[in-house]
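**Q** Could you have a look at this structure, given as structure tokens, before my questions?
The values are calculated or read from the model by the stated rules, or taken from the named source; none is laboratory data. Please read these numbers as outputs of a predicted model, since none were measured by experiment. So basically every Cβ, Gly included, is an ideal-geometry build from the backbone, and we count neighbours across all protein chains shown. These area figures cover heavy atoms from the full protein model, side chains too; ligands, DNA and RNA do not enter into them. Shrake-Rupley method; radii C 1.70, N 1.55, O 1.52, S 1.80 Å.
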Amino acid sequence: MLDVLAIALLFLLFGACLLYLRGCASLKGGR
Amino acid sequence: MSLNGWLQIAVFIAAVLVLAKPMGSFMTSVFERRRTFLDPVLVPCERLLYRVTGVNPDEEMNWMQYGVAMLIFSAASLALTYVVQRLQNVLPLNTQHLPGVPADLAFNTAVSFTTNTNWQSYVPETTMSYLTQMLGLATHNFWSAAAGLALAIAFIRGIARREAKTLGNFWVDLTRGTFWVLLPLSVIFAMVLVSQGVVQNLKSYDTVKLLEPQKVTGTDGKTSTVTTQTIAQGPVASQEAIKMLGTNGGGFFNANSAHPFENPTPLTNFLQMLSIFLIPAGLTVTLGQMVGSPKHGWAVLAAMTVLWFAGVFTVFWAEAKGNPQFANVDQHVSMQQAGGNMEGKEVRFGIANSALFATVTTDASCGAVNSMHDSFTPLGGLVPLTNILLGEIVFGGVGAGMYGMLVFVIVAVFIAGLMVGRTPEYLGKKIESYDVQMAMLYLLIFPLIILGLAAIGLRTPAGLAGLANHGPHGLSEVLYAYTSATGNNGSAFAGLSANTHWYNFTLGIAMFAGRFLMIVPMLAIAGNLAAKKITPATAGTFPVTTPLFTVLLTGLIVIVGALTFFPVLSLGPILEHLLLRAGHLF
């Protein structure tokens, strides 16, 4: 059960990081 | 404070400053792909690796591609470490027949070593097999340091290049940082460590008979006689070398560099501290050379040295002064005793070398320890905590210290521009709103994670359950844990039982966010700077090569750190110091 939580958390964190990267890039493009 | 202690500290910083130029010049050659004396051996290995992995070394990446490549590499290597830990019971080189690492601890440790933090919620010699130590952990000591180095070089290229869309190739920078810089230094350093008595083998632990059997009372109150002792060993020297050079800090043993098998002599102690600062100090020279302004590199190095001195002076003074509660006890240094506050310190290292080690390991994002920071006086413990809270930019971690410092440089130049009423320029690049937005994002994420998670930890039963001390010292323990994790330092204040579901997951999240959420805006600044034109310097341009710049940069770092963290520090170590003087112990 904890394995599932740990792996899900890792996917979530890396996914959030990629979105964050896109967000930082769009801040520049949006101006 | 003894003269002997100050002399050792002076020799240390002199060695760092002397080695900065050759180290920095070598790294410039490596990352600008100029010829080096290692090329005949390493270029064929490099080419073979690119051929096998399908990397085109001539293909350049923009900042987003560079960031995505770094994230993919981190995710893949993190997954490997997680799997190795979970399956170590069925994998080879498990001489002690240790079980698989529990999932929450494996998560925490995998994130910890991937992010160059090396926070250890476990006792290594009773938790990790030799394979896990070597394949799961020591490899990350190379990879995470090489990734940090690559990112710093990408930032420097962003400053140096003009009207460019790209920052280099992450895979090439990662490979060259590992092959040319970290591997050769680690091999040489590991040999030196072995010559001094650091263990390097794959044997099972030895059990020896005690010369003097010991009576021990267990937690259940029962007394028993212990007649044997287990001597843990393993491939220590090979992990120890990169642990220090890569500013990783994760010990092979629980006692870290206080353990005689990790750090047996005064010489190894000196070399371990030197190896922490070697690459970060060299990077200031690399910065100056790559951006075409060597004096700028020296100005940054000067700011780092000033902040380092302030830290080591304070710890040495506080620890040498000793505990005011023991006013009637002789605490003066003499031929018979080290003097001062020796709790949690190795007698063979004494006050000066413990104070210096604590300062160096937290100035950089290393986290190795040769004394227990939890046992320092409140003001002595305040310094390691503050060093991490400043962002570990005083020399800093391999690469991470340099790019962190450069973000502060951007803000310093911006503020200087505001003060004189001109458009801020940094080495001919105009600093615009996007650069400052990203710099502020970088600076604000850090306290947000630390203070947010520490506040939650201090208000929840799960967070408070791990505390060994109450009052301001307990607050310091929780604050230090989240600070160390977010700052990717990895040293522990100790006193906190962190191997719980709560701390394993929340500290794991802090380490992840403290690494990757800060790298992204840093790369965004680098990409934006690279695309800019160079504006010729005029009389109104703020020079970044002068003592005035060094003073402004140092002042800015201290003011940002003080404004952000003084309230919480005043409730922790500062309050503890005042209460200690009033007779209260925690």
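**Q** Tally the residues that are of a type in the set (Gly, Ala, Ser) and over 13 Å from B:Leu174 (Cα atoms), restricting the search to the range B:59-76. Let's see the steps before the verdict.
**A** Taking the range B:59-76 as the starting set, the residues that turn out to be of a type in the set (Gly, Ala, Ser) are B:67, B:69, B:74-76.
Then keep just the ones that are over 13 Å from B:Leu174 (Cα atoms); that gives B:75-76.
Total meeting the criteria: 2.
**Q** Do the conditions hold for B:Phe549, that is, is it touching a Phe, Trp or Tyr at 6+ places or on another chain (Cβ under 8 Å), outside any loop (DSSP other than H, G, I, E, B), more than 14 Å from chain A (Cβ to nearest Cβ) and of a type in the set (A, V, I, L, M, F, W, C)? Quick ask: steps written out before the conclusion?
**A** Working: touching a Phe, Trp or Tyr at 6+ places or on another chain (Cβ under 8 Å): yes; outside any loop (DSSP other than H, G, I, E, B): yes; more than 14 Å from chain A (Cβ to nearest Cβ): yes; of a type in the set (A, V, I, L, M, F, W, C): yes.
Spelling it out, B:Phe549 is indeed touching a Phe, Trp or Tyr at 6+ places or on another chain (Cβ under 8 Å), outside any loop (DSSP other than H, G, I, E, B), more than 14 Å from chain A (Cβ to nearest Cβ) and of a type in the set (A, V, I, L, M, F, W, C).
**Q** May I ask you to say which residue of B:Gly452, B:Gly428 is open to solvent by less than 40 Å² (accessible area, probe 1.4 Å) and at pLDDT below 95?
**A** Working: B:Gly452 fails: at pLDDT below 95.
Answer to the check: B:Gly428.
**Q** Okay, next question. Can you give me the ranges of the helices (runs of 4 or more DSSP H) entirely in the range B:1-96 with at least 1 residues that are open to solvent by 80 Å² or more (accessible area, probe 1.4 Å) and farther than 26 Å from B:Ala364 by Cα? Outline the logic, then answer.
**A** Numbers: elements: B:3-31, B:39-53, B:63-86.
Here the list reads B:39-53, B:63-86.
**Q** Could you tell me whether the range B:10-19 includes any residue that is in contact (Cβ under 8 Å) with a residue 24 or more places away in the chain and within 14 Å of another protein chain (Cβ to nearest Cβ)?
**A** no
**Q** Enumerate the pairs (first residue in the range B:123-144 and among the hydroxyl-bearing types (Ser, Thr, Tyr); second residue anywhere and in a helix (DSSP H, G or I) and open to solvent by less than 30 Å² (accessible area, probe 1.4 Å)) with beta-carbon separation below 7 Å, excluding pairs fewer than 6 apart on the same chain, so at least 6 apart or on different chains.
**A** The qualifying pairs are B:Thr132/B:Val84; B:Thr132/B:Gln85; B:Ser144/B:Phe113; B:Ser144/B:Thr114.
**Q** Check B:Ala303 against each of (1) under 22 Å from the mean Cα position of the chain (by Cα); (2) over 25 Å from B:Leu182 (Cα atoms); (3) open to solvent by 40 Å² or more (accessible area, probe 1.4 Å) and name the one condition it does not meet.
**A** Condition (3) is where B:Ala303 drops out.
**Q** Let me ask something else. Specify which of the listed residues (B:Ile445, B:Ile450) is within 14 Å of chain A (Cβ to nearest Cβ) and of a type outside the set (D, E, K, R).
**A** Working: B:Ile450 fails: within 14 Å of chain A (Cβ to nearest Cβ).
Residue meeting the stated conditions: B:Ile445.
**Q** So how many residues does the range B:552-583 have that are without any contact (Cβ under 8 Å) to a residue 24 or more places away in the chain and either part of a loop (DSSP other than H, G, I, E, B) or touching a Pro at 6+ places or on another chain (Cβ under 7 Å) (or both)? So that I can check it myself, show each step before the final result.
**A** Initially, the range B:552-583 is screened for residues without any contact (Cβ under 8 Å) to a residue 24 or more places away in the chain, giving B:555, B:559, B:562-563, B:566-567, B:570, B:578, B:582.
Keeping just the survivors that are either part of a loop (DSSP other than H, G, I, E, B) or touching a Pro at 6+ places or on another chain (Cβ under 7 Å) (or both) gives B:582.
Here the count works out to 1.
**Q** Among the residues of the range B:468-496, which ones are open to solvent by 50 Å² or more (accessible area, probe 1.4 Å) and in contact with a strand residue (DSSP E or B) (Cβ under 8 Å, 6 or more places away or on another chain)?
**A** As a first pass, look at the range B:468-496 and keep what is open to solvent by 50 Å² or more (accessible area, probe 1.4 Å): B:468, B:470.
Residue satisfying the conditions is B:Ala468 alone.
**Q** Of all residues in chain A being among the small types (Gly, Ala, Ser) and at the interface with chain B (Cβ under 7 Å from one of its Cβ atoms), which is surrounded by the fewest Cβ atoms within 10 Å (Cβ to Cβ)? Break it down into steps so the answer makes sense when it comes.
**A** In the first step, residues of chain A are kept if they are among the small types (Gly, Ala, Ser); the result is A:6, A:8, A:15-16, A:23, A:25-26, A:29-30.
Applying the additional criterion that residues be at the interface with chain B (Cβ under 7 Å from one of its Cβ atoms) yields A:6, A:25.
Working: A:Ala6: 23, A:Ala25: 18.
Taking the candidates together, the pick is A:Ala25.
**Q** Among the residues of the range B:261-276, how many are assigned to a helix (DSSP H, G or I) and open to solvent by 40 Å² or more (accessible area, probe 1.4 Å)?
**A** At the first step, the residues of the range B:261-276 found to be assigned to a helix (DSSP H, G or I) are B:266-276.
After this cut, where a residue has to be open to solvent by 40 Å² or more (accessible area, probe 1.4 Å) as well, the list is B:266-267, B:270-271.
Of the residues in that region, 4 qualify.
**Q** A follow-up question, please. Taking the range B:332-346 only, how many residues are in contact (Cβ under 8 Å) with a residue 12 or more places away in the chain, part of a loop (DSSP other than H, G, I, E, B) and not aliphatic (A, V, I, L, M)?
**A** Initially, the range B:332-346 is screened for residues in contact (Cβ under 8 Å) with a residue 12 or more places away in the chain, giving B:333, B:338-341, B:343-346.
When the remaining residues are screened for being part of a loop (DSSP other than H, G, I, E, B), the result is B:333, B:338-341, B:343-344, B:346.
After this cut, where a residue has to be not aliphatic (A, V, I, L, M) as well, the list is B:339-341, B:343-344, B:346.
Count: 6.
**Q** For the list (1) modelled with pLDDT of 95 or more; (2) surrounded by fewer than 24 Cβ atoms within 10 Å (Cβ to Cβ), I need the number of the one condition that B:Met372 fails.
**A** (1)
**Q** Would you be able to tell me the number of residues in the range B:310-331 that are assigned to a loop (DSSP other than H, G, I, E, B) and either surrounded by 17 or more Cβ atoms within 10 Å (Cβ to Cβ) or of a type outside the set (Val, Ile, Thr) (or both)? Before you say what the answer is, go through the steps one by one.
**A** Kept after step one, since they are assigned to a loop (DSSP other than H, G, I, E, B), are these residues of the range B:310-331: B:322-323, B:327-331.
The next check asks that each one be either surrounded by 17 or more Cβ atoms within 10 Å (Cβ to Cβ) or of a type outside the set (Val, Ile, Thr) (or both); those that pass are B:322-323, B:327-328, B:330-331.
Matching residues across the range B:310-331 total 6.
**Q** Considering only residues of the range B:90-129 that are touching a Lys or Arg at 6+ places or on another chain (Cβ under 9 Å) and hydrophobic (A, V, I, L, M, F, W, C), which is nearest to the other protein chains (Cβ to nearest Cβ)?
**A** Taking the range B:90-129 first, the residues touching a Lys or Arg at 6+ places or on another chain (Cβ under 9 Å) are B:95, B:100-103, B:106, B:111, B:114-118.
Of the ones still in play, those that are also hydrophobic (A, V, I, L, M, F, W, C) are B:101, B:103, B:106, B:111.
Working: B:Val101: 11, B:Ala103: 4, B:Ala106: 7, B:Val111: 8 Å.
Restricting to residues being touching a Lys or Arg at 6+ places or on another chain (Cβ under 9 Å) and hydrophobic (A, V, I, L, M, F, W, C), the top hit is B:Ala103.
**Q** Could you check, for the range B:546-559, whether at least one of its residues is more than 28 Å from B:Pro378 (Cα to Cα), open to solvent by 60 Å² or more (accessible area, probe 1.4 Å) and not hydrophobic (A, V, I, L, M, F, W, C)?
**A** Yes, the range B:546-559 has at least one match.
Yes/no per residue for (1) buried (at least 21 other Cβ atoms within 10 Å of the Cβ); (2) touching a helix residue (DSSP H, G or I) at 6+ places or on another chain (Cβ under 9 Å):
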position: B:Pro184; (1), (2): no, yes
position: B:Ser195; (1), (2): no, no
position: B:Leu202; (1), (2): no, yes
position: B:Gly218; (1), (2): no, no
position: B:Ile231; (1), (2): no, no
position: B:Pro235; (1), (2): no, yes
position: B:Lys243; (1), (2): yes, yes
